[in-house]
1. Return yes when residue 299 is touching a helix residue (DSSP H, G or I) at 6+ places or on another chain (Cβ under 6 Å) and over 24 Å from residue 219 (Cβ atoms) and no when it is not.
2. Can you tell me which of (1) under 20 Å from the mean Cα position of the chain (by Cα); (2) more than 14 Å from residue 176 (Cα to Cα) is the one residue 159 doesn't meet?
3. When you look at residue 219, is it farther than 22 Å from residue 44 by Cβ, without any contact (Cβ under 8 Å) to a residue 40 or more places away in the chain and assigned to a helix (DSSP H, G or I), yes or no?
4. Residue check: is residue 158 at negative phi, surrounded by fewer than 17 Cβ atoms within 10 Å (Cβ to Cβ) and touching a residue at least 40 places away in the same chain (Cβ under 8 Å)?
5. Residues in segment 229-242: is at least one touching a strand residue (DSSP E or B) at 6+ places or on another chain (Cβ under 8 Å), modelled with pLDDT of 95 or more and more than 25 Å from residue 151 (Cα to Cα)?
6. If you check residue 198 against the conditions, is it under 16 Å from residue 169 (Cα atoms), modelled with pLDDT of 95 or more and in contact with a helix residue (DSSP H, G or I) (Cβ under 9 Å, 6 or more places away or on another chain)?
7. Scan segment 184-205 and report the pairs whose first residue is assigned to a loop (DSSP other than H, G, I, E, B) and whose second residue is surrounded by fewer than 18 Cβ atoms within 10 Å (Cβ to Cβ), with Cβ atoms within less than 6 Å and a gap of 6+ or a chain change.
8. Which condition breaks for residue 81 when tested against (1) assigned to a loop (DSSP other than H, G, I, E, B); (2) out of contact with any helix residue (DSSP H, G or I) (no Cβ under 7 Å at 6 or more places or on another chain); (3) surrounded by 15 or more Cβ atoms within 10 Å (Cβ to Cβ)?
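The values are calculated or read from the model by the stated rules, or taken from the named source; none is laboratory data. Quick caveat: nothing in here was measured; it's all calculated off a predicted structure. Methodologically, a virtual Cβ is constructed for each residue, glycine included, from the backbone with ideal geometry; neighbour enumeration extends over all protein chains shown.
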């Protein structure tokens with residue numbers, strides 16, 4: 001499994017692994033098979049927390065209706081590893097190749113040529129995860145800007161869709177994307193956590209918005225929930241992802257009580273296999289229902305449209 005890019009302690013990793021082995025008081029889901037077709041556009045299946053029950057995780061994802069999973073590349077070595085992992089399940093797995101802003105300090109004279117080779121792989125569907133993260137400065141702003149712009153130029157050159165990361169760096173993200181707007185391939189702001197105004201700006205630029213379980217913990221009055229309720233993020237610009245094992249969708253949040261009560265028993269049962277300790281692709285079933293509630297749409301329509309967007313933009317087959 002991957003030497004993953006997120007900075008996690010041995011204690012946290014131990015918790016992940018214990019959770020994977022533990023049966024807790026989990027419901028029997030053996031008869032569940034949801035009909036909605038879903039694409040998880042961002043999942044870190046190379047993370048070591050999935051090592052001990054990998055096939056079971058995939059089985060639950062299938063039961064949730066997940067038909068396609070894009071495994072994200074965190075850096076050059078990690079992208080090479082997920083390239084090999086994605087080969088094990090053709091038609092289900094795809095991968096992205098890039099350098100996450102946390103890893104921008106690794107950028108060197110060989111980085112772009114190595115990423116370019118990975119982008120040539122038939123099952124590589126996006127350039128990334130690349131972008132800017134000014135929330136946790138694991139790499140300096142200067143390192144991030146250089147690393148991102150070079151990857152941006154490469155994606156424009158080879159016409160590969162962009163899988164973008166932006167956290168508290170909206171202005172600089174807009175600045176760089178605008179600089180290359182005439183050459184820009186299709187792009188998604190993955191795991192969007194910004195404001196409704198920022199989402200509106202990205203959408204006006206032709207970008208897609210990727211939403212995760214983060215929306216369940218959005219406590220702002222002008223964030224993701226507001227954007228969904230007020231039509232600022234339209235279905236034709238929306239994609240869904242888990243970012244597993246991160247970004248758990250906490251449907252137990254007191255503010256989401258009515259949403260939880262309205263959710264299907266199947267989605268709630270599957271969701272019990274995800275937790276703060278380790279999110280899973282099967283959480284897609286709950287995420288799509290939460291999004292549908294905020295948008296005032298049917299679950300079926302949200303699933304269908306977001307799946308279609310992902311299939312078209314990333315050329316999934």
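1. On the way: touching a helix residue (DSSP H, G or I) at 6+ places or on another chain (Cβ under 6 Å): yes; over 24 Å from residue 219 (Cβ atoms): yes.
So residue 299 fits the description; yes.
2. (1)
3. Here the answer is no, as residue 219 does not meet what is asked.
4. Values: at negative phi: yes; surrounded by fewer than 17 Cβ atoms within 10 Å (Cβ to Cβ): yes; touching a residue at least 40 places away in the same chain (Cβ under 8 Å): yes.
Spelling it out, residue 158 is indeed at negative phi, surrounded by fewer than 17 Cβ atoms within 10 Å (Cβ to Cβ) and touching a residue at least 40 places away in the same chain (Cβ under 8 Å).
5. The answer is yes; a qualifying residue exists.
6. Numbers: under 16 Å from residue 169 (Cα atoms): yes; modelled with pLDDT of 95 or more: yes; in contact with a helix residue (DSSP H, G or I) (Cβ under 9 Å, 6 or more places away or on another chain): yes.
Yes, satisfied.
7. Pairs that qualify, where the first residue is assigned to a loop (DSSP other than H, G, I, E, B) and the partner is surrounded by fewer than 18 Cβ atoms within 10 Å (Cβ to Cβ), are 185/159; 195/222.
8. (1)
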